[in-house]
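A quick write-up on the structure given underneath.
The values are calculated or read from the model by the stated rules, or taken from the named source; none is laboratory data. On a predicted model such as this, the values are computed, not experimentally measured, just so you know. Ideal geometry is used to build each Cβ from the backbone, glycine not excepted, and the neighbour counts take in all protein chains shown.
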There are 2 protein chains.
Amino acid sequence: MNRPPEPTISDVAKAADVSRSTVSRVFSRPERISEATILRVREAAEQLGYSPNPTARALSTGLHRNIAVFVPDVANPFFPPLIAEVQTEAEATDRCVFLGSSGESAEREVRLARRLAAQVEGMVLVSPRMQDEEILVLATRCPLVLVNRDLVGLPRVLIDSAAGTREAVLHLAALGHASVVYVAGPEASWSNAERRTAVERAGAEAGLKVRIVPAATPTFEGGRSAVKALLRAGATAVIAFDDLVAQGVLAGLAEKGIAVPDACSVVGCDDVLGAATWPALTTVSNRSEEAGRKAFQLLLGRLERGDSTQARHVLTTSLVIRQTTAPAARKTTQTDGGRR
Amino acid sequence: MNRPPEPTISDVAKAADVSRSTVSRVFSRPERISEATILRVREAAEQLGYSPNPTARALSTGLHRNIAVFVPDVANPFFPPLIAEVQTEAEATDRCVFLGSSGESAEREVRLARRLAAQVEGMVLVSPRMQDEEILVLATRCPLVLVNRDLVGLPRVLIDSAAGTREAVLHLAALGHASVVYVAGPEASWSNAERRTAVERAGAEAGLKVRIVPAATPTFEGGRSAVKALLRAGATAVIAFDDLVAQGVLAGLAEKGIAVPDACSVVGCDDVLGAATWPALTTVSNRSEEAGRKAFQLLLGRLERGDSTQARHVLTTSLVIRQTTAPAARKTTQTDGGRR
DNA sequence: CTGTTAGCGCATTCAC
DNA sequence: GTGAATGCGCTAACAG
């Protein structure tokens, strides 16, 4: 029931009739050891089923060969592909990855990060919800790479959804819509801020009236319950914070008998659903896998080559037009939208 | 750029003018220390920003307060909610979690597990792809809990999708279908075996002809490319390994102009898509969050109370009828289905 | 209740 | 190229 004691470096040393230092070197700097003894030690190790204890090694060197990835919520489909990518890359450099899924809570995020800092050589913070200061403090204790958070002084990779969002607004304008509603995501989200201002700017540029309706949470449910406010605002076109929210909006609209795209156009963001909604969702493209890969590479660069901390890698996006956008209905439903 | 040296137990001891052991005890068994010195030590620690180094602690005690969760693929939406649940539970007991996403590869799974075994007190293996023997070997080096793998001698939680799958077959029979095709998932998957035999048994029971068509991978793409074989088999009703595959089937069917559910009924499994497909997918319910919670509790029981290793917790499922199933078409399309 | 001593398993000086 | 000694930061007996 309890684990059998693992063989230690001493066991191997004894078996191979060398000193412990030699065994240690065989596994860390083999270049300084003769072929012959390497073979002998390796064999003894194999036979005993020995492999260096990572904990002891970490205590001695200060290096853990672990990293941590933080996301606001693993269950949000935007993140898993990114996580998978980081894990794959990490694996390739023989590193293990801790997962921190903080349930959209900045507090949990901070607590977890503190807890993990001593066990990792670096962390990737994806769409962190904590404040700038908290991130900066963390950065003094552990190398950080940010994804979708634009903080000067830290390496970061940014998925520029503003570009695609802008396209979306222009696309809606071209379809004859006179106004657009943005269903907003989390306050603390950099991506949300990007998208929101992109909608506002492009809206102004194209002469569209822009309104903001917050989603309580960046989820299907959040989108669904935002529909009431949408209808009150007399929306004919809506851009949602992300695909999940958009999907919720679609569902909410369907419940109220509002036809998409005939009576109302809907645009998502992140393209995590593929063509899995009905009608297939027009959305802004997603590059989260690339973001994950790049983030890991930046981290690796810092760890192994002491790269600068100033990297700012931007991945641009574009609009993927599918079936939830259509020309504005001829006869716009008038409501008391602006009143309250 | 390099991290400032963390304060150690000695620093705190000096500052509080006590021995290192006392400091140690304040953080591990405060009940044996007087109120007064606890306060003094705590204060000194706080001021220095000290907290016990987990690595040193682990080396000394053999306890890491880490666990690992393995899944075949984080990006498969079945797993994230389960992972999130485990992580939340772990956090509540002040444990951190490693993630092992193995890309559906048994080999990667084994390698990762070996690598991680020395850093965790236990692991949760969700739908492992490795062989029984490999799992058993691993179990000698590290406490294990299995999810969706029925291996005698190890604690396990099983989502009994057979129950819901059976309902699905009966449902299709009741709708007048004469045959059903099961689009199979991974060979190494316990869930797949369960579902497959459930289809076969219930099919026999209800007098349905049953055929099996494998999906290359348990993904959207896998389902989509299985459609060709489906058509060749002249399917009027199909049950897919999971929702993702079902969604692929839906897409493939749509491409060929086959109407769902009128010309062909489709049933998924795991209910991970909610009502997000069109038409909304009839599927077998999912209890992955509960599975995650239960799995962690079993692990905790083993770790803290030395619970038996014989636990076998079954979560049953049922059919969720939505819109992708309908009565069999009057006129069945005849094809050369059985020929090759 | 608290201090002293020893050691977890390894990497790293420094000698030879 | 290899061995002997020392310490990483902490917990665990064993005293008192």
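The residue that is farthest from B:A240 (Cα to Cα), among those in the range B:184-204 that are without any contact (Cβ under 8 Å) to a residue 24 or more places away in the chain and of a type in the set (A, V, I, L, M), is B:A204. Checked across the range B:65-74, the condition of being more than 16 Å from the chain's Cα centre (by Cα), within 7 Å of another protein chain (Cβ to nearest Cβ) and not charged (D, E, K, R) holds for no residue. Checked against (1) over 18 Å from B:C142 (Cα atoms); (2) within 9 Å of DNA strand C (Cβ to nearest atom); (3) at pLDDT 95 or above, B:R32 meets all criteria but (3). What are the residues in the range A:20-37 that are in contact with a helix residue (DSSP H, G or I) (Cβ under 8 Å, 6 or more places away or on another chain) and near DNA strand D (Cβ under 7 Å from one of its atoms), if any? Of everything in the range A:20-37, those that are in contact with a helix residue (DSSP H, G or I) (Cβ under 8 Å, 6 or more places away or on another chain) and near DNA strand D (Cβ under 7 Å from one of its atoms) turn out to be A:R20, A:T22, A:R25, A:R32, A:I33, A:T37. Only residues that are within 14 Å of chain A (Cβ to nearest Cβ), in a loop (DSSP other than H, G, I, E, B) and either within 11 Å of DNA strand C (Cβ to nearest atom) or touching a residue at least 40 places away in the same chain (Cβ under 8 Å) (or both): list them for the range B:4-23, please. Answer for the range B:4-23, where residues must be within 14 Å of chain A (Cβ to nearest Cβ), in a loop (DSSP other than H, G, I, E, B) and either within 11 Å of DNA strand C (Cβ to nearest atom) or touching a residue at least 40 places away in the same chain (Cβ under 8 Å) (or both): B:E6, B:P7, B:T8.
Considering the range B:4-19, the residues that are of a type in the set (S, T, Y) and in contact with a helix residue (DSSP H, G or I) (Cβ under 7 Å, 6 or more places away or on another chain) include one that is farthest from DNA strand D (Cβ to nearest atom), namely B:S19.
Among the residues of the range B:108-138, just one is within 11 Å of chain A (Cβ to nearest Cβ) and acidic (D, E), namely B:E121. Within the option set A:V110, A:V157, A:V180, A:V147, being crowded, with 23+ Cβ neighbours inside 10 Å and over 16 Å from the mean Cα position of the chain (by Cα) holds for one residue only, A:V180. Can you name every residue in the range B:278-290 that is hydrophobic (A, V, I, L, M, F, W, C) and within 14 Å of chain A (Cβ to nearest Cβ)? Correct list: B:W278, B:A280, B:L281.
Yes/no per residue for (1) over 23 Å from the mean Cα position of the chain (by Cα); (2) away from DNA strand C (no atom under 16 Å from the Cβ); (3) under 19 Å from B:P186 (Cβ atoms); (4) at the interface with another protein chain (Cβ under 8 Å from one of its Cβ atoms):
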residue	(1), (2), (3), (4)
B:T37	yes, no, no, no
B:E85	no, yes, no, no
B:T88	no, yes, no, yes
B:D94	no, yes, no, yes
B:A106	no, yes, yes, no
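Helices (runs of 4 or more DSSP H) fully within the range A:187-277 that include at least 2 residues being farther than 18 Å from A:A326 by Cα and touching a Phe, Trp or Tyr at 6+ places or on another chain (Cβ under 8 Å): A:190-206, A:243-255. Is at least one residue of the range B:46-54 of a type in the set (F, W, Y), surrounded by 20 or more Cβ atoms within 10 Å (Cβ to Cβ), closer than 22 Å to A:T55 by Cβ and within 13 Å of DNA strand D (Cβ to nearest atom)? Yes, the range B:46-54 contains a residue that is of a type in the set (F, W, Y), surrounded by 20 or more Cβ atoms within 10 Å (Cβ to Cβ), closer than 22 Å to A:T55 by Cβ and within 13 Å of DNA strand D (Cβ to nearest atom).
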